[in-house]
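Below is one structure, written out as structure tokens; the observations come after it.
The values are calculated or read from the model by the stated rules, or taken from the named source; none is laboratory data. This one's a predicted model, so the numbers in the text were calculated from it and none came from an experiment. Every residue, glycine among them, receives a Cβ derived from its backbone with ideal geometry; neighbour counts consider all protein chains shown.
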Amino acid sequence: MLSRNGEYQSLEITEAVLPVVSDPVEAEDALTGAGIATLTKFYGHYSDFMEMYAPVQTVAEYLNAHASWFVRCAEPMKVQPLGENGYALIIGRFGSFGYEVEPKIGLELLPPEEGVYHIRTIPIPDYRSPGYDVDYRASLQLIENKAKDLPSYDGEVTRIEWELDLIVYLHFPRFIQRLPKSLIQSTGDRLLNQIVRQVSRRLTHKVQEDFHQSLGISFPVTSKKKR
């Protein structure tokens with residue numbers, strides 16, 4: 001969710017396979033004509049951190065109350081609550097070679113277990129994704145440290161360290177499938193990284209600003225620096 005710098009692993013082209021779905025009707029719909037749908041599998045592993053200038057307990061209380069800030073911080077993405085801990089997000093419009101997708105994904109922000117937060121994909125009621133499937137699995141851990149190199153602040157700093165495993169299955173239209181696989185791969189690499197980079201940078205910055213403003217704490221510029 002909050003990636004700024006990510007390690008990306010190249011996609012894998014998977015021929016003649018079914019989507020990873022639990023609904024047998026969806027699996028049956030993946031069959032096309034006399035053959036089976038051709039899917040392209042993209043996989044990315046990302047990790048990074050962000051800093052909050054407050055003790056761990058204060059940051060944890062803020063994260064646990066996500067219903068009060070998540071929709072606001074996710075703008076300009078369109079967000080709809082799903083139950084107690086879930087949200088349906090329309091990420092935005094992305095595309096290349098005349099083919100565009102507007103990803104919509106359901107995410108659940110699970111309560112922490114032994115101090116670790118998990119975010120996972122969940123189904124969106126009455127919604128069937130048009131030609132793609134997403135598996136989003138993220139974990140976040142809070143680590144408290146003393147502030148360094150900030151003369152104006154000598155309190156605790158909570159570092160939110162996270163990891164994200166993201167798998168996207170795409171069923172491209174026929175005119176895309178005619179292109180060389182190497183071109184599809186490079187285009188897919190760029191597209192997935194573009195989505196993660198744009199969304200995560202914006203969301204990270206907004207969450208940091210919202211957290212510090214809600215507590216009346218100044219947001220030091222140095223908290224944005226990268227590793």
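A compact table of results
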read-out: Cross-chain or 6+ apart pairs with Cβ under 8 Å, region 83-104 first and more than 15 Å from Ser129 (Cβ to Cβ) and at pLDDT below 80, then among the hydroxyl-bearing types (Ser, Thr, Tyr) and exposed (fewer than 12 other Cβ atoms within 10 Å of the Cβ); value: none
read-out: Selection from region 116-131 of residues that are touching a residue at least 40 places away in the same chain (Cβ under 8 Å) and not charged (D, E, K, R); value: Tyr117, Ile119, Ile122, Ile124, Pro125, Gly131
read-out: Enumeration of residues in region 54-77 that are modelled with pLDDT under 90 and more than 30 Å from Gln177 (Cα to Cα); value: Glu75, Pro76
read-out: Selection within region 181-221 - modelled with pLDDT under 85, closer than 29 Å to Pro55 by Cα, polar (S, T, N, Q) and loosely packed, with under 13 Cβ neighbours inside 10 Å; value: Ser218
read-out: Only one of Gln208, Gln177 that is farther than 28 Å from Pro76 by Cβ and touching a Ser or Thr at 6+ places or on another chain (Cβ under 8 Å); value: Gln177
read-out: Enumeration of residues in region 135-152 that are surrounded by 17 or more Cβ atoms within 10 Å (Cβ to Cβ) and either of a type outside the set (A, V, I, L, M, F, W, C) or at pLDDT below 90 (or both); value: Tyr136, Ser139, Ala147
